[in-house]
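What follows is calculated from the coordinates using simple rules that are stated; it is not laboratory data. Since the model is a prediction, treat every value here as computed from it, not as a measurement. Glycine also receives a Cβ, built like all others from the backbone with ideal geometry; neighbour counts cover every protein chain displayed.
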Amino acid sequence: MTSPASLSPTQAAARIGEFTVIDVRAPGEYASGHVPGALNIPLDRFDEALPALKAASARGSLLVVCASGVRSTRACDVLSAADIDAVTLSGGTSAWEGEGHGLDRPAGARATWPMERQVRFAAGSLVVAGLLAGRRFPAARWLSAGVGSGLVFSAVTNTCGMAAVLSKLPHNRAPRSAADFDATLDALQS
């Protein structure tokens, strides 16, 4: 499998008007700052958005964005399998902002950690908890073994069950003022 085409933040900024920008992060991450004009289609809801994304791609190119480029690359693979052309933003919104390009931040939006940081924190905390509890209850060490095995599985399959679970937490949901998923799909199809 080949890697999807990617654009640097400078290249993308120069051509931003040519793209429908799709941000695949969790709604809370999106609300804390996104590429101007980006529409939020979380990666865990990507399959149900494919018809709308296909309609949008018929009108112009798709630029797929996440925090670092990992999830957007995965989203581009899903789009490619559905015969939808898309490019990813190399380095994601972190690189975009790092190169001096502004992010849109809705009024009242709260900052949340990027999903990868949340996963590292949760996984590390569970491993330490399993090891500490294992001093008194040896069977608790299986928690650490389970998390470690999950991380290996995540790396091998390029999926992340922990991220899917964490994305459901209240701080990762969009604020009430944000457009809902159905409205975003309607915008893509019109």
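Looking only at Cα atoms, what is the convex hull volume of the range 60-116 per residue, in Å³?
Given the Cα convex hull of the range 60-116, per-residue volume reads 107 Å³.
Would you grab the residues whose amide H sits under 5 Å from the one on N40? Only those 5+ places off in sequence or on another chain, please, with H modelled 1.01 Å from N.
D23
Which FRET efficiency value, to the nearest 0.05, is calculated for E99 and V152 with the Förster distance at 45 angstrom and r the Cβ-Cβ distance?
Given R0 = 45 Å and the Cβ-Cβ separation, E is 0.85.
Read phi for every residue in the range 62-67 and hand back ³J(HN,Hα) as whole Hz from Karplus 6.51 cos²θ - 1.76 cosθ + 1.60, θ = phi - 60°, with x for Gly and Pro.
9, 10, 9, 10, 9, 6
Grab the Cα-Cα distance for A129 and S80, subtract it from 0.36 nm times how many residues apart they are, and report the gain in nm with one decimal.
So the extension gain works out to 13.6 nm.
What trypsin sites (Lys or Arg not before Pro) does the range 71-114 have in DSSP loop regions with at most 14 other beta carbons within 10 Å?
Those satisfying the criteria are R110.
For the range 16-24, take each phi angle, set θ = phi - 60°, evaluate the Karplus expression 6.51 cos²θ - 1.76 cosθ + 1.60, and give the result in whole Hz per residue in order, putting x for glycine and proline.
Whole-Hz 3J(HN,Hα) from phi for the range 16-24: 4, x, 7, 10, 8, 8, 10, 9, 9.
Which three numbers, in whole Å and largest first, are the semi-axes of the equivalent ellipsoid of the range 93-153 derived from its Cα gyration tensor as √(5λ)?
Computed over the range 93-153, the values are 37, 13, 8 Å.
How many nm is it between the label spots at I16 and L50, if each spot is 7 Å from the Cα in line with the beta carbon?
With each label point 7 Å from Cα toward Cβ, the separation is 3.1 nm.
Can you tell me what the convex hull of the Cα atoms of the range 23-72 projects to on average, as an area in nm²?
That works out to 3.5 nm².
Have a look at the DSSP beta bridges in the chain and tell me what percent are antiparallel, nearest 5.
10 percent
For the range 153-169 and the range 17-78, what is the centre-to-centre distance using only Cα atoms, to the nearest Å?
One Cα centre to the other: 18 Å.
Let me have the 222 nm mean residue ellipticity of the chain computed from DSSP H runs of 4+ only, each contributing -39500 (n - 2.57), with the sum over all residues rounded to the nearest 500.
Using -39500 (n - 2.57) per qualifying helix, the result is -15500 deg cm²/dmol.
Which whole-number percent gives the relative contact order of the chain, counting Cα pairs below 8 Å spaced six or more residues apart?
28 percent
Can you tell me the Rg and Dmax of the chain, counting just the alpha carbons, in angstroms?
When restricted to the Cα atoms of the chain, Rg and Dmax are 18.0, 62 Å.
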